[in-house]
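**Student:** Structure provided below as structure tokens; questions to follow.
What follows is calculated from the coordinates using simple rules that are stated; it is not laboratory data. Only a predicted model underlies this, so the values are computations on that prediction, with no experimental measurement involved. Virtual Cβ from ideal backbone geometry, glycine too; neighbours counted across all protein chains shown.
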Amino acid sequence: PDINCIKKHGFYHSGHLHSSNSVVLSLSKIKDVAKKHRATLNDVITALASTTLHEWFKLKGDKKTTISVGLPFAFRNIPRDVHQYEYGNQFVAATLYLKLLEKFEDAIAFSRAEVTRQVKQNSPAGWYLLVKAQQLFYGPAKNAGVNREAGAKYTLLLSNVPGFVKPTTIFGSPLKRFFYVGSGAGSITTGIYVVSVC
């Protein structure tokens, strides 16, 4: 298990919920940055997490240079028609050993190379089949134990969540932002959720 200034020990739950909406970023500007670096939107977000956490660890006096991150890979497209929506999802949390780097250019190069390597090796598909086999052959109690142990190996869950794809109104007023609460496997208590809207 990762032990660091974010996760004090293997099964770290302080009991205090610290959640907030972060800044709103322009999706078109992020795509411009991604294009400039021949990277994806997810690479940019991962690089931002790397450099920001590097600063946080430095501030806290933690000399760790790598953390384990759960990076969800979805196997379902975003529905474009209301009739295509269904409850549930098909995804697996791939493991990314994220280097905490000072320079954004280094961080985006790392993300681009590492995520591409995993996708080319079909790692997410393999993990997905493994999880499905585990659910099929293990009972609920055993699966809960496996999830708890898996959660202990991660410091962070980093997820890009698709939000609404067209302007949405509540009582006639346009919805500009919303608060997303996600859950992770087992004992993961820290998550960064990037919600893409419109």
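**Student:** What dipole magnitude, in Debye to the nearest 20, does region 77-144 give about its Cα centre under +1 on Lys/Arg Cβ and -1 on Asp/Glu Cβ?
**Tutor:** In total the dipole reaches around 220 debye.
**Student:** Counting Lys and Arg as +1 and Asp and Glu as -1, each charge on the Cβ, what is the dipole of region 108-151 about the Cα centre in debye, to the nearest 20? Write out the running numbers ahead of the final one.
**Tutor:** On the way: 6 positive and 2 negative charges, 17 e Å.
Charge dipole of region 108-151: 80 debye, to the nearest 20.
**Student:** Pull up all non-local amide H partners of L101: gap of 5 or more, or a different chain, and H-to-H distance under 5 Å with H placed in the peptide plane.
**Tutor:** So L101 has HN proximity to T51, H54.
**Student:** Could you please report the charge total around T66, scoring K, R as +1 and D, E as -1 over all other residues with beta-carbon less than 12 angstrom from its beta-carbon? Numbers along the way, then the final one.
**Tutor:** Working: positive: K63, K64, K99; negative: D2, D62, E114.
Net local charge, T66 excluded: 0.
**Student:** In sequence order, what are the phi-derived ³J(HN,Hα) couplings for region 29-45 according to the Karplus relation 6.51 cos²θ - 1.76 cosθ + 1.60 with θ = phi - 60°, rounded to whole Hz, with x for glycine and proline?
**Tutor:** So the Karplus estimates, Gly and Pro as x, are 5, 5, 5, 5, 5, 4, 5, 4, 9, 6, 10, 9, 4, 4, 4, 5, 5 Hz.
**Student:** Starting from the amide H of T168, placed 1.01 Å from N in the peptide plane, find each other amide H under 5 Å away whose residue is 5 or more places distant or on another chain.
**Tutor:** Those lying under 5 Å, H to H, from T168 are L175.
**Student:** Also, I was wondering about something else. Using amide H atoms built in the peptide plane, which far-off residues or other-chain residues are under 5 Å from T190 H to H?
**Tutor:** Those qualifying (amide H under 5 Å, at least 5 residues apart or on another chain) are L157.
**Student:** In sequence order, what are the phi-derived ³J(HN,Hα) couplings for region 64-70 according to the Karplus relation 6.51 cos²θ - 1.76 cosθ + 1.60 with θ = phi - 60°, rounded to whole Hz, with x for glycine and proline?
**Tutor:** Running phi through 6.51 cos²θ - 1.76 cosθ + 1.60 with θ = phi - 60° gives 5, 10, 9, 10, 8, 10, x Hz.
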